[in-house]
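Below: one structure in structure tokens.
The values are calculated or read from the model by the stated rules, or taken from the named source; none is laboratory data. Note that the structure is a prediction, hence the values are computed from the model and not measured. Backbone-built Cβ (ideal geometry, glycine too); neighbour counts: all protein chains shown. Side chains are part of the model used for accessible areas, which takes the heavy atoms of the whole protein and leaves out ligands, DNA and RNA. Shrake-Rupley method; radii C 1.70, N 1.55, O 1.52, S 1.80 Å.
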Amino acid sequence: MLIPSNTLFFLLSATPSAAFFVGPSRRSYHIKPRIRYPSQILHSSSPSTYEPNIPYDENPPLAKGIDSVEWMEPVGVTARRESTKEFLGQGGGAAIAPLSSPTSEILPLFPLGGMVYTPHTSHVLNIFEPRYRSMYNDILLNGTRRFVVSMSHPEKEGCFASTGVVFYLKDLKEVSQQTDDQIKYICEHMVIGRVKMENVLNPSVWRTRDTYLKVGGSIIKEEGDEVSIEEQETPDENVLTDIYSTLKEWSLEPDEASLKRSFEALVELQHELSEDVRFTKKSVPSLGVRSGGGKGSLWSSVRLWQSYTEQRLVGRQNELQLDFQEKLVKFLTEEKNVKEDELPSAIGFSDLSPQLQKDVQDLQNRISEELEPLVLESTLAMQKILEASDHLDRAKLLRYFVDSERKRLEAKKMLQNMFQEETSSDRLGSEDPATNPDSGETKLPDEDVMKDDVGGVDFSADDDGFQ
């Protein structure tokens, strides 16, 4: 087991949407303290108001936890039922089960773990497993060039979310010779839509791994999503498109307008509290809420929100690791006599002192207990947005999660205000900080006393992103 000495493991990687928010990354920052006084926080903004969000005000979308998401039957259960039918002579045992609906079609399924993918995004996959090599050969031969990707259940093996996305193969490179056949293909894809899956048609192959899974499902057609592959590959940025987008902004649906107002309130609160990870103020007017895909669409804002939650998790993990990182550097420099400019990039677990080994285990347990539930909650939230019945329902769901983040920050702000009021009260109590009762001398307030106990740091980055 190797422990990186300069920084520990990252649960989540930074995403390419950093231009819309600032926050921690692996780069070095020049930081400047931002000192704020109690009156600035107590009176800097008026109480927030929340617009009604029916039906999610009374029925929170994640109230049932993992079961809030719609899941298909686990393939193991389906396989056992088909085997029972075959044994009883009731028609089971077919290599591919019949479709359950006349509107369904047979689609290959490529499970990619707990990640939620969204429409109108691009992804590159390295293909090495024999069954998926076979799948790519098939979709090339039959000309469909597409397959389904769905989130895997966090606890049940072979169980997948009912709503997935359609990957369309744009480009494929044969790299078996360069990689000594470790990787067969490097494939570039576009996510071109959503699909509602009904059942796995060949569940027995999940256990044998002889070939890939196939599902019966229906492509979800939604207004504004009828965009050709060519249009998705080369977004149209001409003047007519800009004029159309502007006209759409003037005629927002009420739920779209509510989302923009809620997002603006969140960004103001983030900057007021000097959150380490926060959206830039330039992201407010450019927040996309319209239907369809591409720049200015609601799907682009969904991806932005996904990036934000990932960055927050990375930032929190960095905080948890900081104390151990300092101990590790001290151990290497003082006990191992390693110069600071010669610190290794990784160190073996067995090379650590017994106390540091215990600290590593404690850190891993703490990360598991604190961050894994947050990762799961973030993933389930994205899956619920993917399941939304239509564009306006999706806007309501995203606003619900934006409002939830606002409430979290308002609770944080309230606690800060309470702490500052108590501190101010202590300073104005029985002992006057400006007078020394023993000597009768008058003293000027110490600079440290004037500083706000609850401050923050402002990264040296402008509203265009990281610096």
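Identify all residues within segment 189-221 that are open to solvent by 20 Å² or more (accessible area, probe 1.4 Å) and either over 16 Å from PRO74 (Cα atoms) or at pLDDT 95 or above (or both); write none if there are none.
Residues satisfying the conditions are ILE192, LYS196, ASP210, THR211, LYS214, SER218, ILE219, ILE220, LYS221.
I've got another one for you. From the list LEU109, LEU141, LEU88, LEU125, pick out the single residue that is modelled with pLDDT of 95 or more and out of contact with any strand residue (DSSP E or B) (no Cβ under 8 Å at 6 or more places or on another chain).
LEU141
Scan (1) in contact with a Pro (Cβ under 6 Å, 6 or more places away or on another chain); (2) surrounded by fewer than 20 Cβ atoms within 10 Å (Cβ to Cβ) for the single condition ASP138 breaks and write down its number.
(1)
Same structure, new question: When you go through ALA95, ALA63 one by one, which is the residue that is in a loop (DSSP other than H, G, I, E, B) and at pLDDT below 75?
Sole residue among the options that is in a loop (DSSP other than H, G, I, E, B) and at pLDDT below 75: ALA95.
Also, I was wondering about something else. From the list SER286, SER301, exactly one residue is at pLDDT 90 or above and in a helix (DSSP H, G or I). Which is it?
SER301
If we keep just the residues of segment 341-396 that are touching a residue at least 60 places away in the same chain (Cβ under 8 Å), acidic (Asp, Glu) and open to solvent by 40 Å² or more (accessible area, probe 1.4 Å), which is farthest from MET197 (Cα to Cα)?
GLU377
Would you confirm, using the coordinates I've provided, whether GLU377 is of a type in the set (D, E, K, R), at pLDDT below 90 and part of a helix (DSSP H, G or I)?
no
Now a separate question. Six or more apart or on different chains, Cβ atoms under 9 Å: show the pairs whose first residue is in segment 118-134 and on the phi > 0 side of the Ramachandran plot and whose second is of a type in the set (A, V, I, L, M) and open to solvent by 40 Å² or more (accessible area, probe 1.4 Å).
HIS120/ILE192; HIS120/VAL227
Here is a further query. Is it the case that some residue within segment 318-336 is in a loop (DSSP other than H, G, I, E, B), open to solvent by 90 Å² or more (accessible area, probe 1.4 Å) and modelled with pLDDT under 90?
yes
Hey, can you tell me all the residues within segment 112-124 that are surrounded by fewer than 17 Cβ atoms within 10 Å (Cβ to Cβ) and either hydrophobic (A, V, I, L, M, F, W, C) or closer than 24 Å to GLU174 by Cβ (or both)?
Once the filter is applied, which keeps residues that are surrounded by fewer than 17 Cβ atoms within 10 Å (Cβ to Cβ) and either hydrophobic (A, V, I, L, M, F, W, C) or closer than 24 Å to GLU174 by Cβ (or both), segment 112-124 yields LEU112, MET115, SER122, HIS123, VAL124.
Does at least one position in segment 278-295 carry a residue that is farther than 30 Å from LEU398 by Cβ, of a type in the set (Lys, Arg) and open to solvent by 20 Å² or more (accessible area, probe 1.4 Å)?
No, there is no match, as no residue in segment 278-295 is farther than 30 Å from LEU398 by Cβ, of a type in the set (Lys, Arg) and open to solvent by 20 Å² or more (accessible area, probe 1.4 Å).
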